[in-house]
Structure formats: C-alpha cells, structure tokens
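Student: Please see the structure below; I have some questions.
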Amino acid sequence: MAKMSWAVGTQCVAKGDHRKLKPGELAYNKGDILTIVDTSTKKGYYQAKHNTTGEEGLINSTNVREREALRVDPGLSLMPWFHGKISGPEAVCKLQPSEDGLFLVRESIRHPGDYVLCVSVSGEVIHYRVIYQDSKLTIDNTQYFYNLIDMIEFYSKNKGSIATTLLKPKQKQGAKSAELELSKNGWLMDITKLILGETIGEGEFGAVYEGEYMGQRVAVKIIKCDVTAQAFLQETTVMTKLQHKNLVRLLGVILHKGLHIVTELMTKGNLVNFLRTRGRSVVNSVQLLHFALDVCEGMEYLESKKLVHRDLAARNVLVSDDKVAKVSDFGLTKVDSKVSDNAKLPVKWTAPEGLKKEKFSTKSDVWSYGVLLWEIFSYGRQPYPKMSLQEVKEKVEQGYRMEAPEDCPPGVYSLMRICWEQEPRKRPAFHKLREKLEREMAKISPSPGSQHRDGIRSGC
Ligand code: ADP
C-alpha cells in the first residue's frame, strides 16, 4: 500500500515501467526517481517531476515507493576495488579466473605510499605503477588525477595508454560498492545535469558551491581527497535517513573526481554570519526566537530517531531564503555514544561529560543547544568571550556558566541555564524545551500568526 501522507519534495522510486500514458500522466521506467511536486491534483495520484528528464506529470501513488535510506554499513566503500597493501603475486591470485578488464588497486609493498593498478588482459595481469607528482597521480605522465577514484573513473571510460579499459572491479572481501548501493536506492545523481556556480563557503574538507540541478537551486560540497570522501560517506548515509523541515536536506550524491554532496541551497548562509552581519538593529527578538524554535524542532526530530549530533553550534545551522533555520553538518552524528578522537571536539560547545569521559547523548546535544541559544541571543558572538579553551574546560567543570547576553529575555536565559545542568539527566529533553520556547514566544509575540517571520525588518 502506498502511504498517502507523502509531502511535496518526497523522492520516490518507480516500481515498474509506465509507458501507456493517459492524458497528463508522466512516463517513467522501473527504478526512475521522481520528486513529488503537488499532492492535491487528483485523488490517488501525485503530480511529480522526473529527476532525469525533468518532465512533470501525474503518477499513480500505488506505482511508486518512497526512496529508501542507506543502511549504515562499515563495508560501504567508494573504492571497493582498493585492496590496501598486498604483493604483486597476491594481486595476480585475486584476479583469477582471468577476465579482460578485471582490475584492482593495491598499495605497493616495495615502494610504500605508491599505488599499483593491476589489470587482467589476455590471460595476463599487468601492473601499472601510479606515481605521485605535484600532488597529483599519474601512470603515464600524460593524464593526471586528483585521487584514485578520479583515475579509475577515467580508465573505466577511456583506454588511454593502458592495455584495456577497466571493465570490472575485483572487490575487496567485505567491501560493498557505495556507487551500486547509492544507485539502487536512488541517491546517485548525474554530473551532466549539474551546473556549478560560485563558491559560497569553504569547509574544513572542501569548498561548497552554489549550483543548479535540473532547474532546482542546490548547494554542492566537493570533497576531492579520497580518504576524506570515504569518511564523508558516513555523514551522507546518515542524511539519507533524515527528512525534516529543520534539517538541511540531502538531495543526492555524485561520484565524480571524489564525492559531490548535493543538498538544498540555504541562500542566507550560516546562522553565525547571518546574525553578525545584520545585528540587533535589523533582527528582533521574535526572529531570534523563531531561529531557536526551528533548531529545537530539528533536534527534537533527531532525538526521536535516537541520533546524537555532537557538533551542534550556530556555525552548523544554515538559514534558508525564507529565514527558516535548519541544522546541518551531520559529520559526527552517531547512534552510539563514544568518540574516537576527542582532539577534534568543539570545546566551547561540548558538555562536561563529553570532554571528560567522551560520553555523548541527546542530553549532551541539549548542553550544546544551550550554548547555541546564547550565540543566537548575543547575535553571533563567540561563546565564553576572551576565555581560552583550557580555562573554559576548568571553569565550567567548577560550575562557572556564561552570563545572559545583553537584552536577552529572562525566560530564555533560564532555558540556557537548565541546558547547562552539570548532571545530564537534569537537562530537559528537546520536546520539553520546545514547549517552553513556545511559551516564551507567546509572551513576546501574543499573536504568532501576525508576527510570523516578519519580525525581521526589511533590508536584509
Ligand atoms: P564545515 O566543513 O566547516 O563543517 P561546510 O563544508 O558544511 O562546513 O560548510 C561551509 C560553509 O559553506 C557553511 O558555513 C555555509 O556558509 C556554506 N554552506 C554549506 N552548506 C550550504 C548549503 N546547503 N547552502 C548554503 N550554504 C552552505
């Protein structure tokens, strides 16, 4: 049975071919991805847009299923053909029985750090040494690549100077092709349909660009380093499970020269910059409360999915064209509660038990949310102004807490304080925080309908 409650924007997969069209209907093949654009046109039908052809038309709701999330699987790999450090003879063994175009990549044992592309052709295995030159990879000093993914992509389509195009990857035992899984579940997008625009942000691991994908404005994070791209696969997998109006939505990924992560475009950038560049003369406290509520609702949804964000901060909240705040950056989001590398922890946002015992839970996200509330009501100031990270760690442990930001409503400050309870279980859950914020909203904006999102004055 098809679920009749799908919202506009839901992506679904066609269960079969549909070619005998009645007027107004959309043509598609089994496995095609369709985006619902209107749910009210005709009973039992949706108005949908074909993700590849861009055509629009009616689809019978029973002929499609919702696009599925990817399962978190440590074997999921962008480089399933990469076998790590194995010797030449071992590679030859793995490429039996021989088959033209069967290939793998290994790390050289004799020259550590160098890679070797091993390809089966005419019953033999040829070993091509991959050389690092000027931070690029090459086999023949003619074609250069950013990374192995890029190289394999090229030689899968072009013979270049090697004996055969790469036809079939020999997968490492236990590895599962991310490309195949992404494509099966409808998350793989097509590079030829993407128009890249200007850079809009610089992340730690790659630039973020504005772009257009089949008429839709999108943001594209491009990760060129293959090891980092592999790590980001985890973030992407988590994002396939999440659909909420206050979480930045993943549209899909493109595997080209590394990893392109395509999300909805948040035209007003991150919340810290939004608040800093406008300030209190432009943004009033009703708008601030809207932002606080938006984030809280996004976090309430994560809480309901038993997911812990672990890097909640205003820099990781983005603002849409219509000034809705959405949580982003799910890089550290996990179901479990231990981290492996606490050197990377954002100290000023991390709960004491996170810093001391690496214990993370929804309640440690609530602590970070308190700091984020402080950032919102101080118009994007750096928390614990003038204090070093070491000082913050020590003082907070001894009970020190930040003062209320200037002109912060007392009710909001008391919310920050309960988020900063030393004992995690004394901190409220996100759904409780939302109720309290709604009460605050009612106090300063008695008729929310008339004030909705117009609390921000013109000029921004
Ligand atoms: P980081 O690597 O620091 O976590 P990101 O790579 O996620 O950061 O993003 C860097 C910057 O790019 C953000 O602060 C924001 O300004 C911009 N950005 C990221 N994603 C989007 C998006 N979907 N829409 C608009 N801007 C974005």
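The values are calculated or read from the model by the stated rules, or taken from the named source; none is laboratory data. Predicted, not measured: the structure shown is a model, and the values here were computed from it. Every residue, glycine as well, gets a Cβ built from its backbone with ideal geometry; the counts of neighbours run over all protein chains shown.
Student: Tell me the residue from Lys245, Lys326, Lys306, Lys257 that is assigned to a loop (DSSP other than H, G, I, E, B) and closer than 17 Å to Gly203 by Cβ, please.
Tutor: Lys257
Student: Go through segment 139-178 and report how many residues are in a strand (DSSP E or B) and within 16 Å of Lys224 (Cβ to Cβ).
Tutor: Number of matching residues: 2.
Student: Starting from residues that are of a type in the set (Gly, Ala, Ser) and more than 7 Å from the ligand (Cβ to nearest atom), keep the ones in segment 211-228 and report whichever is farthest from Ile149 (Cα to Cα).
Tutor: Gly215
Student: Can I ask one more? Pull up segment 69-89, narrow it to residues that are touching a helix residue (DSSP H, G or I) at 6+ places or on another chain (Cβ under 6 Å) and over 22 Å from Glu153 (Cβ atoms), then point me to the one that is surrounded by the most Cβ atoms within 10 Å (Cβ to Cβ).
Tutor: Ala69
Student: Also: Take segment 260-281 and flag every residue that is assigned to a loop (DSSP other than H, G, I, E, B), of a type in the set (A, V, I, L, M, F, W, C) and within 27 Å of Ser378 (Cβ to Cβ).
Tutor: Hit for segment 260-281 is Met266, nothing else.
Student: Suppose we keep only residues that are basic (Lys, Arg) and touching a Phe, Trp or Tyr at 6+ places or on another chain (Cβ under 9 Å) within segment 180-221. Which one would you say is nearest to Tyr28 (Cα to Cα)?
Tutor: Per the stated criteria, the residue is Lys193.
Student: If I filter segment 143-159 for residues that are without any contact (Cβ under 8 Å) to a residue 12 or more places away in the chain and farther than 23 Å from Leu102 by Cβ, do I get at least one hit?
Tutor: Within segment 143-159 (the criterion being without any contact (Cβ under 8 Å) to a residue 12 or more places away in the chain and farther than 23 Å from Leu102 by Cβ), the answer is yes, since at least one residue qualifies.
Student: Further question on the same structure: Taking segment 2-50 on its own, how many of its residues are at positive phi and at pLDDT below 85?
Tutor: 2
Student: Out of (1) outside any helix (DSSP H, G or I); (2) in contact with a strand residue (DSSP E or B) (Cβ under 9 Å, 6 or more places away or on another chain), the odd one out for Leu372 is which?
Tutor: (1)
Student: Something else: What pairs come out if I take residues in segment 104-125 that are at positive phi and pair them with residues that are not aromatic (Phe, Trp, Tyr) whose C-beta lies under 6 Å away, six or more apart or interchain?
Tutor: Gly123/Ser98
Student: Here is a follow-up. Which of (1) within 22 Å of His256 (Cβ to Cβ); (2) surrounded by 13 or more Cβ atoms within 10 Å (Cβ to Cβ) does Cys118 not meet, given it meets every other one?
Tutor: Looking at each condition in turn, Cys118 falls short on (1).
Student: Please determine whether any residue of segment 260-271 is more than 10 Å from the ligand (Cβ to nearest atom) and in contact (Cβ under 8 Å) with a residue 40 or more places away in the chain.
Tutor: Yes, that holds for at least one residue.
Student: Next up: So which residues in segment 384-401 are within 31 Å of the chain's Cα centre (by Cα) and crowded, with 18+ Cβ neighbours inside 10 Å?
Tutor: Tyr384, Val392
Student: Ok, one more. From the list Thr267, Thr263, Thr277, which residue is of a type in the set (Ser, Thr, Tyr) and touching a strand residue (DSSP E or B) at 6+ places or on another chain (Cβ under 6 Å)?
Tutor: Selected residue: Thr263, the only one of Thr267, Thr263, Thr277 that is of a type in the set (Ser, Thr, Tyr) and touching a strand residue (DSSP E or B) at 6+ places or on another chain (Cβ under 6 Å).
Student: What single numbered condition from (1) hydrophobic (A, V, I, L, M, F, W, C); (2) more than 15 Å from the ligand (Cβ to nearest atom); (3) over 15 Å from the mean Cα position of the chain (by Cα) fails to hold for Leu275?
Tutor: Status for Leu275: all satisfied but (2).
Student: Can you work out which of the residues in segment 304-330 that are within 12 Å of the ligand (Cβ to nearest atom) and acidic (Asp, Glu) is modelled with the highest pLDDT?
Tutor: Asp321
Student: Determine which member of the set Val208, Val238 is closer than 30 Å to Leu293 by Cβ, out of contact with any helix residue (DSSP H, G or I) (no Cβ under 7 Å at 6 or more places or on another chain) and within 13 Å of the ligand (Cβ to nearest atom).
Tutor: Only one candidate qualifies: Val208.
Student: Looking at segment 86-103, which of its residues are in contact with a Ser or Thr (Cβ under 8 Å, 6 or more places away or on another chain) and at negative phi?
Tutor: Residues satisfying the conditions are Leu95, Ser98, Glu99, Asp100, Leu102, Phe103.
Student: Right, something else. With the structure loaded, tell me whether Thr142 is surrounded by fewer than 14 Cβ atoms within 10 Å (Cβ to Cβ), over 26 Å from Thr52 (Cα atoms) and more than 16 Å from the ligand (Cβ to nearest atom) or whether it fails that test.
Tutor: Taking the combined requirement at face value, the residue satisfies it.
Student: Still on this structure, please answer the following. Is one or more of the residues making up segment 178-193 within 16 Å of the ligand (Cβ to nearest atom) and either modelled with pLDDT of 95 or more or not charged (D, E, K, R) (or both)?
Tutor: The answer is yes; a qualifying residue exists.
Student: With the structure loaded, tell me whether Arg280 is farther than 17 Å from Leu247 by Cα, at pLDDT 95 or above and either surrounded by fewer than 21 Cβ atoms within 10 Å (Cβ to Cβ) or of a type in the set (D, E, K, R) (or both) or whether it fails that test.
Tutor: No.
Student: Of everything in segment 29-45, what is touching an Asp or Glu at 6+ places or on another chain (Cβ under 7 Å) and surrounded by 13 or more Cβ atoms within 10 Å (Cβ to Cβ)? Give them in sequence order.
Tutor: Within segment 29-45, just Val37 meets the criteria.
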